[in-house]
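Everything on this sheet refers to the single structure shown next.
The values are calculated or read from the model by the stated rules, or taken from the named source; none is laboratory data. On a predicted model such as this, the values are computed, not experimentally measured, just so you know. Reconstructed Cβ throughout: ideal geometry from the backbone, glycine too, with neighbour counts over all protein chains shown.
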Ligand code: ADP
């Protein structure tokens, strides 16, 4: 197969591993910087042009679109879809997953376990908002945050109110969430490919830290999922329309709850912690499933 990895950084671990795994299996692998792609949108012969040449003959693409480049990146993915090229994740699904509120709303519609979550636009509604998630302690999250930055634990009603007021004063979009204390600073990353969880790891926050992000000093190790966790992860990925997904769960007293579904989950941490050849599993999946024009979304674009 001829496969394009849409990535801005050829030297990134995930990009390298996907390229390697593809080549090991005899595929032709190209890393393409999607921000350098340009397109012509025509009725008959839509094209993606890269370094002056039209990209042709691809069987599949693996999008690795950075969060800050979602708008242009998904337009490039969509152009490949218009051309009938199979994408490991479709443009629509990537866009959906990038909006945390939309993501939670879709999951709730499917009856998937979630931390009780609230959001509001006006700073006048703060008391009601805090009450709606069961009061303090609670977690406040910046919608645009990643790697745990902008995720704050407020222990008291007053602290929650001050933080929400501060964020709203900066015109930042936030959500507030029930604090899952019993998770004990641990979350679980389930790596979904197709209809299987192919690897799972737990991430434990540094002592005294409720956030388990590795970037915040957390550590990762392999973990065996319960059947309920496994099915929750699969249902969450499916609800989002993602074929390749990193589903983050917390173990709560009321079962597994989904925090986030990521459409470009990193490979480095999970391969190191679990020793699973995640890149190889993604390539295997493409080899089995990539057929032209096969899309899952009913409204494709
Ligand atoms: P980011 O996307 O920036 O990593 P997350 O929403 O994943 O932000 O939160 C970062 C970490 O904080 C999570 O990995 C988890 O360990 C912890 N956390 C997030 N939400 C909650 C919550 N509602 N209850 C308990 N811990 C949480």
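Out of 258, 247, 270, 278, which single residue is crowded, with 21+ Cβ neighbours inside 10 Å, at pLDDT 95 or above and more than 16 Å from the ligand (Cβ to nearest atom)?
Numbers: 258 fails: more than 16 Å from the ligand (Cβ to nearest atom); 247 fails: more than 16 Å from the ligand (Cβ to nearest atom); 270 fails: more than 16 Å from the ligand (Cβ to nearest atom).
Only one candidate qualifies: 278.
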Problem - Residue ID - surrounded by the most Cβ atoms within 10 Å (Cβ to Cβ), chosen from residues in region 185-234 that are within 13 Å of the ligand (Cβ to nearest atom) and assigned to a helix (DSSP H, G or I) - result: 214
Problem - Selection status of residue 145, in contact with a strand residue (DSSP E or B) (Cβ under 7 Å, 6 or more places away or on another chain), free of Cβ contacts under 8 Å to residues at least 60 places away in the same chain and within 19 Å of residue 261 (Cβ to Cβ) - result: yes
Practice task
Determine the pairs where a residue that is on the phi > 0 side of the Ramachandran plot, located within region 171-185, has a partner that is near the ligand (Cβ under 9 Å from one of its atoms) and part of a helix (DSSP H, G or I) with Cβ atoms under 7 Å apart, the partner being 6 or more residues away or on another chain.
Solution key: none
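Considering each of 214, 223 in turn, give the residue that is farther than 20 Å from residue 25 by Cβ and at pLDDT below 95.
After ruling out the rest, the residue left standing is 214.
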Problem - Options 182, 165, 155: the member that is surrounded by fewer than 16 Cβ atoms within 10 Å (Cβ to Cβ), over 25 Å from residue 263 (Cβ atoms) and near the ligand (Cβ under 10 Å from one of its atoms) - result: 182
Completion exercise
Among 62, 3, 49, 41, the single one that is under 21 Å from the mean Cα position of the chain (by Cα) and either over 22 Å from residue 241 (Cα atoms) or in contact (Cβ under 8 Å) with a residue 12 or more places away in the chain (or both) is 62
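Between 17, 8, which is in a loop (DSSP other than H, G, I, E, B), in contact with a helix residue (DSSP H, G or I) (Cβ under 9 Å, 6 or more places away or on another chain), at pLDDT 95 or above and closer than 21 Å to residue 282 by Cβ? It would help to see each step written out before you state the result.
Working: 17 fails: in a loop (DSSP other than H, G, I, E, B).
That would be 8, the only listed residue that is in a loop (DSSP other than H, G, I, E, B), in contact with a helix residue (DSSP H, G or I) (Cβ under 9 Å, 6 or more places away or on another chain), at pLDDT 95 or above and closer than 21 Å to residue 282 by Cβ.
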Practice task
State yes or no: is residue 242 in the same structural domain as residue 265 (by TED's automatic domain parsing), modelled with pLDDT of 95 or more, near the ligand (Cβ under 9 Å from one of its atoms) and touching a helix residue (DSSP H, G or I) at 6+ places or on another chain (Cβ under 9 Å)?
Solution key: no
